[in-house]
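Below: one structure, written as structure tokens.
The values are calculated or read from the model by the stated rules, or taken from the named source; none is laboratory data. As the structure is a computational prediction, the values presented were derived from the model and not from experiment. Glycine gets a Cβ as well: all are built from the backbone with ideal geometry, and neighbour counts include every protein chain shown. Note: areas computed on protein heavy atoms with side chains; ligands, DNA, RNA excluded. Shrake-Rupley method; radii C 1.70, N 1.55, O 1.52, S 1.80 Å.
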Amino acid sequence: MSLSAVENDTTSEIYLPADIDWEMLDKSKFFFLGAALFSAVSGTLYPIVVLKTRQQVMLKAIPCFKMAASIVRSEGYRGFYSGFGTSLMGTIPARALYMGALEVTKSNVGNAASLNLGLSEGSASAVANAAAGLSAAMAAQLVWTPIDVVSQRLMVQGGGCVSGPSANGLKKYNGGIDAFRKIIRADGLRGLYRGFGISILTYAPSNAAWERYRPDGKAVVAVQGLSAAMASGVSALVTMPLDTIKTRLQVLDGEGSLRGGSPTILQTVRNLVKEGGFGACYRGLGPRWASMSMSATTMITTYEFLKRLSTKNQERFVK
């Protein structure tokens, strides 16, 4: 081999397209690495979710830092990870469904919009990304709603975080399996899917709104991360009342209502307004805004990093 040939081999670079589609991915590597990366992200942000959830079920508004100090004082730092094991178990299949639905829908809708509707590349991409975000959110909620119901109940049962009439709607559980069994026994499978429709209305807009750009190199990740943070921040503000209603539907049993049985959306709204007016619907806004913005930024940037790690046959892109 000549010296010039060796120099050419050592100076060649691996080139990856700005947008990596479903067909370019090594699926086993994609899902395995994705489970590890997204579990780490979820674990980092979990304490913020615990704060948000506890604030939403309180009868009176309590500042975030005061709530955090109360958790440390009464439960220790472990209190910030109540229900995390259950949440982690659901994160892996939910993210797998999310990523699969996202990539498959984006590829199919993008091609259809471009070929059948005659849209430009930019317009077809926007349509495909919106449709993919919506379908991915719906697919993930099939797994995530039951996990959400169980993990949130574990989040709020410690430290006496709810007092007064609403406390009658809380049960005590010895871990996720015990909670799962008691919910099934009391309400059947429907009990695990409380707030399913509201969950989709709450999270689908931010997923559909993440518009993806196609600059080359590192700029694509920076732009996507910033876009995701902005979309999620606005979405957190707009959908906060829905999230508060959803959380209360999923956490509080009907024992606190006059007629018993599962609480309704109307009952939940009435209770919130009675407790603190319309402002009660925005309890936990600070932690939720921070959680959604940080989660969107890290998820998007991690997702793009994951796709580049999982690209198969990278030698085809050597230039």
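Determine ³J(HN,Hα), in whole Hz, for all residues of region 241-251 in sequence, where each value follows from phi through the Karplus function 6.51 cos²θ - 1.76 cosθ + 1.60 and θ = phi - 60°; x replaces Gly and Pro.
With coefficients 6.51, -1.76 and 1.60, one gets x, 5, 5, 5, 4, 4, 4, 5, 4, 7, 9 Hz.
Quick check on packing: order 230-239, 148-157 by the mean number of other C-beta atoms within 10 Å, highest mean leading.
My ranking of the peptides, most packed first, is 148-157, 230-239.
Please list, in chain and number order, the residues 5+ apart from Leu25 or on another chain whose amide H is under 5 Å from its amide H, with Hs placed from the backbone.
Lys312
For region 196-203, take each phi angle, set θ = phi - 60°, evaluate the Karplus expression 6.51 cos²θ - 1.76 cosθ + 1.60, and give the result in whole Hz per residue in order, putting x for glycine and proline.
Those phi angles translate into 4, x, 5, 4, 5, 5, 6, 9 Hz.
Just order 174-181, 49-56 by mean Cβ neighbour count inside 10 Å, highest at the front, would you?
Result, highest mean first: 49-56, 174-181.
Hey, what do the phi angles of region 263-280 turn into as Karplus ³J(HN,Hα) couplings, whole Hz, using 6.51/-1.76/1.60 and θ = phi - 60°, x for Gly and Pro?
x, 9, 4, 5, 4, 5, 5, 4, 4, 5, 5, 5, 6, x, x, 5, x, 5
Carbon and sulfur: what percent of region 16-106's accessible surface (1.4 Å probe)?
Answer for region 16-106: carbon and sulfur cover 70 percent of the accessible area.
Show the residues, 5+ positions off or on another chain, whose built amide H is closer than 5 Å to the amide H of Leu59.
Amide H neighbours of Leu59, under 5 Å, 5+ apart: Ser163.
Solvent-accessible area of Tyr193, probe 1.4 Å, all protein chains present, reported in Å² to the nearest ten, please.
Rounded to the nearest 10, that gives 80 Å².
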